[in-house]
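Here's the structure we're looking at; comments come further down.
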Amino acid sequence: MSVFSRNRSVPIFIGLLTVFALGVTILSEAYGTGALSVSFTKVLGMTLCLCLAALAMDLVWGYCGILSLGHFAFFGLGGYVIGMWLMTARTDAVVRANLAQAPIPPTEAEISDATALQIFSVVGAEDWPWMWAASDSLFLTLLLIVAVPGLLALVFGWLAFRSRVTGVYLSILTQAMTLALSLYLFQNDTGLRGNNGLSGLQNIPGAGDIGQDRISIWFFWASAVALGLSYVGAAWLVSGKFGSIIRGIRDDEQRVRFLGYRVEVYKLFVFTLTGILCGIAGALYYPQAGIINPDEIAPIASIYLAVWVAIGGRGRLYGAVIGAAVVSLLSTYFTGGRAPDIDLGAFTIEWVDWWPVLLGLGFVMVTLFAPKGLGGLVDYVVRKAPKEDRT
Amino acid sequence: MNSLLEVQGISVTFDGFRAINNLSFQIGLPELRAVIGPNGAGKTTFMDIVTGKTRPDSGTVRWGEMGHSLLSMSEAQIAQAGIGRKFQRPTVFEDQSVRENLRVALKKPRGPLAAIMDRVTDEDRARIAAIAAEIGLSDHLEMQAGILSHGQKQWLEIGMLLAQDPRLLLVDEPAAGMTSEERAHTTALLKRLAESHAVVVVEHDMEFVRRLDCRVTVLHEGSVLAEGTLDHVMADQRVIEVYLGR
């Protein structure tokens, strides 16, 4: 019994994703006609990462019924972890190049000190903070991309689910968690450069000669592969007995408990797994964005994540992906200065300001007229077709 | 006859209201027992205590041959120990098919990893088919539980109870919303189950209790008022007062 037969959306989704990725490659500057700019390729790659985060949000909210308003914190943590490595390696290379001309060859300790000064002078520090200990090792960094969001989700989830905090109270707690983390990162002395954040993340160590045009496509593909694999994995997870149980928890937690299942263990499992998925998505997103700062983890980001899933249609994996892709691309369009402002004489509709209004209206419209979300529209196409065949 | 469940002197108070007052109860294996009593007599609270949903303020609840205390166990542990419960209002997973509902209930390891790796074996399939036949839903296995009729949902929940294969079944108003034909079927099923299980049935409908033809416990204001055959308890002056004075 393969996942392809258990969930019909999988082959279609993987097919469309492959066609999309190939199409972008063919139109890219590095490998194709050059119709797509490097920056737009990056936007598309980043969108795929946001889709991955939305997929995780759909698992935890749409399937397991936990309305987490803090999953973007895990996304940001993944970004910070990879950012530390990228920044260290990049600065290390720059420092080495500068010191190469020095008459006396610098020692490793001197290079390390100079690198630290370079990175932390902006917040008035010159020593390596403890949390950067693993930043010179790619292997440890990759491990931490999973471990840091995973551990935070595990500890937070354990405390919350063990005490049977549910519903709106849990949402408030997760929101508080992400707010606390964001405020903590805003401090200059926490070791993560305060509100400066980490920057220059688009420079990949050891790839100095390779242009951003090629790197953008590589990251685009990495994001597409991560999204594709996660989709298959998630579809496999929710189509079996595990999926039945977590949907049962969403609909009637008490009933699942009386069937002998430890509900808190299942919730913790889903919460942690999706936290890790968000961390991975963030680690792929920020090298494409080039910069991360504490604002990214602000509570509003996690709320947007929930809005995407709600607009896309929760409880169906492709719904989350559609929602995240449509809304975040529209957001880029309207707030990135691409949309032409509308001149109404007395005043001008500037989309940068009006986009949140439009999004809010869209959210209300979807809730009222398509409660199953944009993904729910697929039902009209899929369910009607077989009926016509029969007649 | 060994007692499977032994409840001794439990009391529980909600905001000053004494829902259960020094209640003692025991049931052996196998046995069929009907619990009756007016509204607010503490029938549901009693079930809540046995299944771990509510903790009593005092008293003991002992389970099985070893006499383990259920009071320190979670709902899930109690269910795994072999106590199954059917709710008064039928609670099935409406979003899922009848087959999925039964599969979730089926007696198998309850951990998340076991659930992820779970495959439907031939044995599982046969068991689900047998239960579906028993509850008259063989033709509806792929149907969403939400669109079943009220009676069918009752049956499905009984089926889920069977799938868990518990030793003690706590059944809250199984016959509510059923046709008289279905009631007869339910009675027969409960009686057959009681040949190898301990079954506690909470019921309002006296006619149904009479057909069960078993020992009856009458609860009133959180304690046992009388116990014995239906005719015996109905002849009891206090029981008559409680029922007529309602």
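In the stretch A:188-223, how many residues are part of a loop (DSSP other than H, G, I, E, B) and more than 13 Å from A:Ser28 (Cβ to Cβ)?
The qualifying residues number 15.
Please find, within the stretch A:243-267, the residue that is nearest to A:Leu317 (Cα to Cα) out of those that are surrounded by 23 or more Cβ atoms within 10 Å (Cβ to Cβ) and within 24 Å of the chain's Cα centre (by Cα).
It comes out as A:Gly243.
Do any helices (runs of 4 or more DSSP H) entirely within the stretch A:224-302 hold 1 or more residues that are under 25 Å from A:Met46 (Cα atoms) and away from chain B (no Cβ under 14 Å), and if so, which?
So the answer is A:263-289.
In the stretch B:56-71, what residues are surrounded by 14 or more Cβ atoms within 10 Å (Cβ to Cβ) and within 11 Å of B:Leu23 (Cβ to Cβ)?
B:Pro56, B:Gly59, B:Val61
Conditions (1) in contact (Cβ under 8 Å) with a residue 60 or more places away in the chain; (2) touching a helix residue (DSSP H, G or I) at 6+ places or on another chain (Cβ under 6 Å); (3) at positive phi, marked per residue:
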{"site": "A:Ala100", "(1), (2), (3)": "no, no, no"}
{"site": "A:Ile104", "(1), (2), (3)": "no, no, no"}
{"site": "A:Phe120", "(1), (2), (3)": "yes, no, no"}
{"site": "A:Ala125", "(1), (2), (3)": "yes, no, no"}
{"site": "A:Trp128", "(1), (2), (3)": "no, yes, no"}
{"site": "A:Thr141", "(1), (2), (3)": "yes, yes, no"}
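Listed here are the residues, each with its yes/no results for (1) within 14 Å of the chain's Cα centre (by Cα); (2) over 17 Å from A:Leu52 (Cβ atoms); (3) surrounded by fewer than 19 Cβ atoms within 10 Å (Cβ to Cβ); (4) acidic (Asp, Glu).
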{"position": "A:Gln288", "(1), (2), (3), (4)": "yes, no, no, no"}
{"position": "A:Ile292", "(1), (2), (3), (4)": "yes, no, no, no"}
{"position": "A:Val326", "(1), (2), (3), (4)": "no, no, yes, no"}
{"position": "A:Thr335", "(1), (2), (3), (4)": "no, yes, yes, no"}
{"position": "A:Phe347", "(1), (2), (3), (4)": "no, yes, yes, no"}
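Can we say B:Pro112 is within 12 Å of chain A (Cβ to nearest Cβ), surrounded by 17 or more Cβ atoms within 10 Å (Cβ to Cβ) and either without any contact (Cβ under 8 Å) to a residue 40 or more places away in the chain or in contact with a Cys (Cβ under 8 Å, 6 or more places away or on another chain) (or both)?
The answer is yes for B:Pro112.
Is it true that B:Ala19 is of a type outside the set (Phe, Trp, Tyr), within 14 Å of chain A (Cβ to nearest Cβ) and either assigned to a strand (DSSP E or B) or surrounded by 19 or more Cβ atoms within 10 Å (Cβ to Cβ) (or both)?
So B:Ala19 does not fit the description; no.
List the number of the failed condition for A:Asn98; all other conditions in (1) part of a helix (DSSP H, G or I); (2) under 22 Å from A:Arg193 (Cα atoms); (3) among the polar types (S, T, N, Q) hold.
(2)
Taking A:Ala301, is it at pLDDT 95 or above, buried (at least 20 other Cβ atoms within 10 Å of the Cβ) and not β-branched (Val, Ile, Thr)?
No; evaluated as a whole, the condition is false for this residue.
Here is a list of conditions, (1) under 20 Å from the mean Cα position of the chain (by Cα); (2) not in a helix (DSSP H, G or I), and A:Leu152 meets all of them except one; can you say which number that is?
Only one criterion is unmet by A:Leu152, namely (2).
Quick check on my filter: what residues within the stretch B:1-60 are under 26 Å from A:Gly260 (Cβ atoms) and touching a Lys or Arg at 6+ places or on another chain (Cβ under 6 Å)?
The answer is B:Glu6, B:Ile27, B:Arg33, B:Val35, B:Thr51.
To keep it simple, each residue is scored yes or no on (1) closer than 16 Å to B:Val218 by Cα; (2) among the basic types (Lys, Arg); (3) in contact with an Asp or Glu (Cβ under 7 Å, 6 or more places away or on another chain).
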{"position": "B:Ser3", "(1), (2), (3)": "no, no, no"}
{"position": "B:Val12", "(1), (2), (3)": "no, no, yes"}
{"position": "B:Arg18", "(1), (2), (3)": "no, yes, no"}
{"position": "B:Leu23", "(1), (2), (3)": "yes, no, no"}
{"position": "B:Ala34", "(1), (2), (3)": "yes, no, yes"}
{"position": "B:Pro38", "(1), (2), (3)": "yes, no, no"}
{"position": "B:Met47", "(1), (2), (3)": "yes, no, yes"}
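Quick test of your reading of the structure: A:Gly206 fulfils all but one of (1) loosely packed, with under 14 Cβ neighbours inside 10 Å; (2) within 17 Å of A:Ile297 (Cα to Cα). Name the failing condition by number.
A:Gly206 satisfies all of (1) loosely packed, with under 14 Cβ neighbours inside 10 Å; (2) within 17 Å of A:Ile297 (Cα to Cα) except (2).
Sort out which residues of the stretch B:64-82 are among the hydrophobic types (A, V, I, L, M, F, W, C), more than 9 Å from chain A (Cβ to nearest Cβ) and within 17 Å of the chain's Cα centre (by Cα), and write them in order of number.
B:Leu70
Name the single residue, out of those in the stretch B:83-94 being farther than 13 Å from B:Leu156 by Cβ and buried (at least 17 other Cβ atoms within 10 Å of the Cβ), that is nearest to the other protein chains (Cβ to nearest Cβ).
Checked the stretch B:83-94; the qualifying residue nearest to the other protein chains (Cβ to nearest Cβ) is B:Arg85.
Looking at B:Leu170, B:Leu102, B:Leu161, which is the one that is within 12 Å of another protein chain (Cβ to nearest Cβ), in contact (Cβ under 8 Å) with a residue 40 or more places away in the chain and in a strand (DSSP E or B)?
The unique qualifying residue is B:Leu170.
The values are calculated or read from the model by the stated rules, or taken from the named source; none is laboratory data. None of these values were measured; they are calculated from a predicted model. Positions of Cβ are generated from backbone atoms using ideal geometry, with glycine treated the same way; all protein chains shown enter the neighbour counts.
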